[in-house]
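Participant: What follows is a single structure, and I will ask about it in a moment.
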Number of protein chains: 4
Amino acid sequence: MLEELKQKVYEANMELQRKGLVIYTWGNVSGIDREMGLVVIKPSGVDYDTMKAEDMVVLDLNGNIVEGKYKPSTDTPTHLVMYNTYPNIGGVVHTHSEWATSFAQAGLSIPAFGTTHADYFYGDIPCTRDLTDDEINGEYEKETGNVIVETIGDRDPLEVPAIVVKNHGPFAWGKDPDNAVYNAVVLDKVAQMAYNTMTLNTRVDKVNQTLLDKHYLRKHGVNAYYGQ
Amino acid sequence: MLEELKQKVYEANMELQRKGLVIYTWGNVSGIDREMGLVVIKPSGVDYDTMKAEDMVVLDLNGNIVEGKYKPSTDTPTHLVMYNTYPNIGGVVHTHSEWATSFAQAGLSIPAFGTTHADYFYGDIPCTRDLTDDEINGEYEKETGNVIVETIGDRDPLEVPAIVVKNHGPFAWGKDPDNAVYNAVVLDKVAQMAYNTMTLNTRVDKVNQTLLDKHYLRKHGVNAYYGQ
Amino acid sequence: MLEELKQKVYEANMELQRKGLVIYTWGNVSGIDREMGLVVIKPSGVDYDTMKAEDMVVLDLNGNIVEGKYKPSTDTPTHLVMYNTYPNIGGVVHTHSEWATSFAQAGLSIPAFGTTHADYFYGDIPCTRDLTDDEINGEYEKETGNVIVETIGDRDPLEVPAIVVKNHGPFAWGKDPDNAVYNAVVLDKVAQMAYNTMTLNTRVDKVNQTLLDKHYLRKHGVNAYYGQ
Amino acid sequence: MLEELKQKVYEANMELQRKGLVIYTWGNVSGIDREMGLVVIKPSGVDYDTMKAEDMVVLDLNGNIVEGKYKPSTDTPTHLVMYNTYPNIGGVVHTHSEWATSFAQAGLSIPAFGTTHADYFYGDIPCTRDLTDDEINGEYEKETGNVIVETIGDRDPLEVPAIVVKNHGPFAWGKDPDNAVYNAVVLDKVAQMAYNTMTLNTRVDKVNQTLLDKHYLRKHGVNAYYGQ
């Protein structure tokens with residue numbers, strides 16, 4: 001079932017390791033088949049070195065396991081909130097990548113300082129509020145999804161396809177699992193350069209809106225002219 | 001004698017190098033066979049490139065060499081204090097890994113800033129006090145073990161399975177040599193992100209206790225639900 | 001047409017990736033055949049993993065495509081301004097390399113702090129002014145070239161063969177595509193050490209003029225005595 | 001002539017690149033045959049990728065070339081001052097390694113903050129004074145050697161086998177070329193951790209003298225007990 005998507009999700013998980021975003025089992029990628037309404041996600045706590053495409057777990061959008069010999073990633077309820085809320089998302093990724101996690105721990109959004117950021121994220125990458133004790137002690141992983149949705153608000157989630165969850169770490173997403181991982185890689189690189197920028201010049205201003213518009217829109221939307 | 005444990009300890013030492021925690025001979029891992037009461041440890045100052053499993057040294061818990069053509073690691077007395085004090089420890093590791101050593105040199109504990117930390121360490125990773133001149137000039141390596149034990153106090157050593165020894169560097173431990181090295185790797189990554197967090201936001205708060213509990217306990221103890 | 005130059009430009013683009021200056025498609029290198037008045041440049045948004053020498057695009061100095069099945073790099077007009085303005089430039093490169101981009105985002109020139117800098121750059125590596133809204137909304141990539149030329153002023157562009165464009169990133173150049181990439185690599189290394197220097201000692205002075213002269217001139221000009 | 005030493009010096013130069021201390025041609029290692037009074041050094045500006053053992057240059061202690069088809073490293077006079085002044089030195093190395101160079105640019109000595117430092121350097125690693133204009137415009141490379149000797153003063157150069165030359169970069173030395181490179185690697189690692197320490201805790205104290213003595217002397221001198 002869903003062999004092609006399982007292969008894609010598996011490859012996207014392995015790409016996390018190749019790009020240096022995860023060590024050990026510290027990350028997970030999922031993808032969705034919108035027609036069937038089924039999500040494929042990495043199993044929980046399985047070593048990247050021995051993991052195979054067939055180990056991916058298939059769930060419906062309510063979290064019922066449809067196929068798979070392993071338990072799905074602990075973070076599955078967060079992924080499901082994203083898929084249930086946003087019909088234009090095709091892949092979701094969670095990591096503890098170093099620089100994005102550092103912003104999450106510092107409780108700071110990642111400001112848009114330049115065109116590298118603007119090429120992919122149309123504005124600051126937000127940091128969520130603290131979860132309440134009730135949210136943490138309740139359905140924690142689902143509430144993590146809810147606070148992401150609350151923070152995104154009315155915006156199109158693909159305009160800024162990543163977020164840092166306070167004291168936790170980054171989630172990123174995209175039109176498919178590959179694109180979600182791509183955005184997670186860019187996120188960490190952008191976070192790293194934002195760190196450098198802020199520690200180099202403590203009074204630095206963000207990129208101005210005109211330049212932000214220019215770079216985002218030359219890559220995205222109807223007037224895009226980057227690429228083939 | 002203890003061929004299997006010697007192989008494990010050898011592999012764990014080599015893993016230190018693969019993970020980038022040591023250069024040259026700057027680290028050592030040991031393991032214990034509790035039934036026989038024998039410890040296996042890396043020889044002192046032997047190059048990782050030429051070291052073999054059969055070069056590991058076997059000692060009893062009083063430090064008497066039982067087997068081995070080489071002298072054991074200079075830090076052996078520190079390892080022995082750990083094994084003698086804590087019956088639930090199966091492996092010990094010492095490195096000069098960059099970020100944990102930087103906290104040791106700064107004389108600072110590594111604060112729990114997020115879930116990456118909380119997944120493995122149930123609270124701050126402490127920094128020991130200064131050794132006295134008498135301790136340094138006496139049985140230095142044994143006193144290093146003693147100050148680690150003093151700093152851990154009444155706690156279960158596996159709740160926070162690492163420490164930084166002031167002006168020296170990190171020790172980590174675990175249920176076996178592999179797990180000790182795993183904890184040493186996580187320690188350095190957590191220290192690196194703590195450094196980033198503190199230099200990015202000098203007034204940052206630690207992770208709140210509810211979230212710390214949640215993440216530690218979803219991976220550890222009777223109600224754990226992470227993994228397979 | 002221009003097979004040799006296409007091979008050189010292709011190799012120079014691949015070298016960007018090998019040296020860690022770019023991820024994904026985040027960079028471009030061009031070269032010029034001065035006799036024919038033709039520029040060869042990387043195609044826009046093509047993956048480094050599948051790109052071939054024959055994919056390079058050939059243009060005249062007005063930007064007309066002479067050969068190539070792909071669209072040229074979006075930044076082509078910036079490259080053309082450089083070639084049209086400076087007859088002694090044979091290669092141009094643009095990246096989002098981490099440290100140089102961090103200075104661009106901080107809006108700071110890279111001060112000459114030592115001999116590593118002075119061996120290649122005869123003085124500070126300047127940061128351009130902000131582009132105006134009209135410049136951004138007009139012929140943006142061409143205006144980027146214009147502001148680089150404005151910043152260089154009356155100087156020989158090969159004396160300081162790199163610049164950081166504010167809130168954007170670095171451009172570097174040289175006598176040919178290889179040399180341009182070489183300068184881009186040195187630029188990022190020099191920027192990294194300038195960052196370290198400035199965060200280590202906030203009141204640091206630049207290298208004195210005598211030492212700057214000594215190192216630049218022992219490698220460049222009629223009295224050079226470095227190398228074979 | 002001196003085939004064995006040429007091979008050793010060649011290997012030591014290649015090791016600089018493998019350890020990440022140099023890019024391009026940014027470093028040089030030499031070694032001496034004390035009985036013959038001849039020094040072997042890397043040629044100037046030759047690429048590491050194509051360099052061979054037979055390309056090493058042989059000089060006498062006055063700098064006269066005895067054998068070699070290439071010009072010797074530009075920094076040869078600095079090396080010769082070291083060999084002429086200190087009969088117990090067998091190898092000298094110069095690099096622009098990132099962290100040591102950052103201290104050189106900041107004009108700061110590298111403080112002894114911990115045992116990693118104390119295991120190899122018996123006290124702070126000093127930064128030289130500024131060269132005068134006359135020294136720079138005169139026999140610059142020889143004066144660089146002289147200011148190193150002036151800074152070392154009455155001490156045994158092997159007690160602290162490295163230095164940072166202000167606004168320039170590090171020199172390290174040892175009993176042979178291999179040992180000099182080893183010290184250069186340790187130097188950069190120690191500098192990196194000192195940077196981290198100082199930016200993490202701006203009021204940090206150095207390691208106390210008793211611990212510095214303990215670690216240095218357990219590895220060096222008649223009472224050493226580290227290693228086999």
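The values are calculated or read from the model by the stated rules, or taken from the named source; none is laboratory data. Keep in mind it's a predicted model, so treat the numbers as computed, not measured. Here Cβ is always computed from backbone atoms with ideal geometry, including for glycine, and neighbour counts include all displayed protein chains. The accessibility values were calculated without ligands, DNA or RNA, using every heavy atom of the protein model including side chains. Shrake-Rupley method; radii C 1.70, N 1.55, O 1.52, S 1.80 Å.
Participant: Would you calculate, for chain A, the mean residue ellipticity at 222 nm contributed by helices, counting each DSSP H stretch of 4 or more residues as -39,500 (n - 2.57) and dividing by all residues, to the nearest 500?
Facilitator: My calculation for chain A gives -12500 deg cm²/dmol from helical runs alone.
Participant: Further question on the same structure: Please work out whether segment D:97-228 counts as rounded, prolate or oblate from its C-alpha gyration tensor, where a ≥ b ≥ c are the square roots of the eigenvalues and a/c under 1.5 means rounded, while otherwise a/b larger than b/c means prolate and anything else oblate?
Facilitator: It is oblate, given that a/c is not under 1.5 and a/b is not larger than b/c.
Participant: Taking the simple approach of a point 7 Å from Cα along Cα-to-Cβ for both C:GLU67 and D:LYS175, what is their distance in nm?
Facilitator: Roughly 6.2 nm, to one decimal.
Participant: Moving to a separate point now. Kirkwood Rh over alpha-carbon pairs of segment D:3-220, then Stokes-Einstein at 20 °C and 1.002 mPa s: what D in µm² s⁻¹, rounded to an integer? List each step's numbers first, then the result.
Facilitator: Working: Rh = 17.4 Å.
For the chosen part, D equals 123 µm²/s.
Participant: Let me ask something else. Taking the Cβ-Cβ separation of B:ASP33 and C:ALA224 as r and a Förster radius of 56 Å, what is the calculated FRET efficiency to the nearest 0.05?
Facilitator: 0.25
Participant: Quick check: net charge around A:LEU21, other residues with Cβ under 13 Å of its Cβ, Lys/Arg +1 and Asp/Glu -1?
Facilitator: Numbers: positive: A:ARG18, A:LYS19, A:LYS189, B:LYS189; negative: A:GLU15, A:GLU98, A:ASP188.
That works out to +1.
Participant: What is chain B's relative contact order, in percent, from Cα pairs under 8 angstrom and six or more apart in sequence?
Facilitator: Worked out over chain B, it gives 21 percent.
Participant: So how exposed is D:TRP173, as accessible area in Å² (1.4 Å probe, rounded to 10)?
Facilitator: 0 Å²
Participant: For the protein assembly as shown, just list the percent of Cα-Cα distances falling in each 20 Å bin from zero outward, please.
Facilitator: Result returned by the calculation: 14, 42, 37, 8, 0.
Participant: For the protein assembly as shown, give the magnitude of the charge dipole about the Cα centre (Cβ charges: +1 Lys/Arg, -1 Asp/Glu; no others), in debye to the nearest 20.
Facilitator: Result for the protein assembly as shown is approximately 400 debye, rounded to the nearest 20.
Participant: From the residues C:LEU16, C:LEU2, C:GLY91, which one has its Cα farthest along the dipole of chain C in the positive direction, the dipole being from +1 and -1 charges on Cβ of Lys/Arg and Asp/Glu about the Cα centre?
Facilitator: C:LEU16
Participant: While we're looking at this one, here's another question. So, with a 1.4 angstrom probe, what is the percent of accessible area on segment D:104-228 that is carbon and sulfur? Can you show the working numbers first?
Facilitator: On the way: 2100 of 4630 Å².
Within segment D:104-228, the accessible surface is 45 percent carbon and sulfur.
Participant: Would you kindly derive the ³J(HN,Hα) couplings of segment A:91-96 from the backbone phi angles with the Karplus curve 6.51 cos²θ - 1.76 cosθ + 1.60 (θ = phi - 60°), listing them in order in whole Hz, with x for Gly and Pro?
Facilitator: x, 9, 9, 10, 9, 10
Participant: Sticking with this one: What ranking of C:LYS69, A:LYS142 comes out by heavy-atom accessible area, probe 1.4 Å, highest first?
Facilitator: C:LYS69, A:LYS142
Participant: Moving on. If r is the Cβ-Cβ distance from D:LYS142 to B:ASP130 and R0 is 51 Å, what FRET efficiency results, to the nearest 0.05? Provide the component values of the computation, followed by the final result.
Facilitator: Values: r = 45 Å, r/R0 = 0.87.
Efficiency computed from Cβ-Cβ geometry: 0.70.
Participant: Give the chain D residue with the shortest beta-carbon distance to the rotation axis relating chain D to chain C, plus that distance as a whole number of Å.
Facilitator: D:THR199, 4
Participant: Please compute the per residue accessible area over segment C:3-220 with all protein chains in place, 1.4 Å probe, rounded to a whole number of Å². Each step should come with its number before you reach the end.
Facilitator: On the way: 7780 Å² over 218 residues.
On a per-residue basis, 36 Å².
Participant: In nm to one decimal, list the spacings between the A:TYR24 label point and its equivalents in the other copies, with label points set 7 Å along Cα to Cβ, shortest first.
Facilitator: Ordered by increasing distance: 2.9, 2.9, 4.2 nm.
Participant: Note the angle between two axes, namely the Cα long axis of helix D:76-85 and the longest principal axis of the Cα atoms of chain D, as a number of degrees from 0 to 90, rounded to the nearest 10.
Facilitator: With both axes taken from Cα atoms, the answer is about 70 degrees.
Participant: HN-Hα J couplings of segment C:152-163 from phi, Karplus 6.51/-1.76/1.60, θ = phi - 60°, integer Hz, Gly and Pro as x?
Facilitator: Calculated HN-Hα couplings, in order: 5, x, 7, 6, 6, x, 7, 6, 10, x, 6, 7 Hz.
Participant: Now, a different point. Take the Cα gyration tensor of segment D:145-189, multiply each eigenvalue by 5, square-root it, and list the three semi-axes largest first, rounded to whole angstrom.
Facilitator: Taking √(5λ) for each eigenvalue gives 17, 14, 8 Å, largest first.
Participant: Output, in nm with one decimal and in ascending order, the distances from the A:ASP130 label point to the matching label points of the other copies (7 Å from Cα along Cα-to-Cβ).
Facilitator: Going from nearest to farthest copy, the values are 3.6, 3.6, 5.1 nm.
Participant: For a quick check: with amide H placed at 1.01 Å from N, whose amide H comes under 5 Å from D:LYS71's, ignoring anything fewer than 5 positions away on the same chain?
Facilitator: D:SER44
Participant: Tell me, what HN-Hα J-couplings in whole Hz come from the Karplus equation 6.51 cos²θ - 1.76 cosθ + 1.60 at θ = phi - 60° for each residue of segment D:190-197, using x for Gly and Pro?
Facilitator: 5, 5, 4, 6, 5, 4, 4, 4
Participant: While we're here: Heavy atoms only, probe 1.4 angstrom, no DNA, RNA or ligands counted: give me A:MET1, D:MET82 ranked by accessible area, highest first.
Facilitator: Numbers: A:MET1 90, D:MET82 0 Å².
So, going from the largest accessible area down, we get A:MET1, D:MET82.
Participant: When each copy gets a label point 7 Å from Cα toward the beta-carbon at D:ASP205, what are the spacings between them in nm, shortest first?
Facilitator: Result, one decimal in nm: 3.3, 3.3, 4.7.
Participant: Can you list the residues of segment A:191-205 whose accessible area drops by at least 30 Å² going from the chain on its own to the full set of protein chains, with a 1.4 Å probe?
Facilitator: A:MET193, A:TYR195, A:ASN196, A:THR197, A:THR199, A:LEU200, A:ASN201
Participant: Can I get the semi-axes of segment B:2-100's equivalent ellipsoid? Compute them from the C-alpha gyration tensor as square roots of 5 times the eigenvalues, in angstrom, largest first.
Facilitator: Each semi-axis is the square root of five times an eigenvalue, giving 20, 15, 12 Å.
Participant: Using a 1.4 angstrom probe on the protein heavy atoms only, could you order A:GLU135, C:GLU11, A:GLU4 from most to least accessible area? Mind dumping the intermediate values first?
Facilitator: Working: A:GLU135 35, C:GLU11 80, A:GLU4 140 Å².
Descending order: A:GLU4, C:GLU11, A:GLU135.
Participant: Within the set of other residues whose C-beta is less than 13 Å from the C-beta of B:ASN137, count the net charge using Lys and Arg as +1 and Asp and Glu as -1. Mind showing how you got there, number by number?
Facilitator: On the way: positive: B:LYS142, D:LYS214, D:ARG218; negative: B:ASP133, B:ASP134, B:GLU135, B:GLU139, B:GLU141, B:GLU143, D:ASP213.
Spelling it out: positives minus negatives among the neighbours equals -4.
Participant: Using only Cα atoms, find the angle between the long axis of helix C:209-219 and the longest principal axis of chain C, and express it within 0 to 90 degrees, rounded to the nearest 10.
Facilitator: Between the helix axis and the principal axis of chain C, the angle is about 40 degrees.
Participant: Give me the summed buried accessible area for the C-D pair, 1.4 Å probe, to the nearest 100 Å².
Facilitator: Using a 1.4 Å probe on protein heavy atoms, the buried area is about 3000 Å².
Participant: Roughly how many Å² of B:ASP33 are accessible to a 1.4 Å probe, to the nearest 10?
Facilitator: That residue has around 40 Å² of solvent-accessible surface.
Participant: Can I ask one more? Beyond 29 Å between alpha-carbons counts as too far, so tell me which of A:LYS189/B:LYS175; A:LYS6/A:LYS189; B:LYS142/B:LYS206 fall in that bin.
Facilitator: Working: A:LYS189/B:LYS175 36 Å; A:LYS6/A:LYS189 27 Å; B:LYS142/B:LYS206 33 Å.
Correct reply: A:LYS189/B:LYS175; B:LYS142/B:LYS206.
Participant: Give me the net charge for the shell around B:LYS69: Cβ to Cβ below 10 angstrom, other residues only, Lys and Arg +1, Asp and Glu -1.
Facilitator: That works out to -2.
Participant: Taking the Cβ-Cβ separation of A:ARG18 and D:ASP60 as r and a Förster radius of 51 Å, what is the calculated FRET efficiency to the nearest 0.05?
Facilitator: Efficiency for this residue pair is about 0.45.
Participant: Another question, then. Suppose we look only past 15 Å in the calculated P(r) of segment A:80-137. What percent of the Cα-Cα pairs does that tail hold? Could the numbers behind the result be given before it?
Facilitator: Numbers: 1126 of 1653 pairs.
The share of Cα pairs beyond 15 Å in segment A:80-137 comes to 68 percent.
Participant: Here's a follow-up. Using a 1.4 Å probe on the protein heavy atoms only, what accessible surface does B:CYS127 show? Give it in Å² to the nearest 10.
Facilitator: Probe radius 1.4 Å; accessible area of B:CYS127 about 20 Å².
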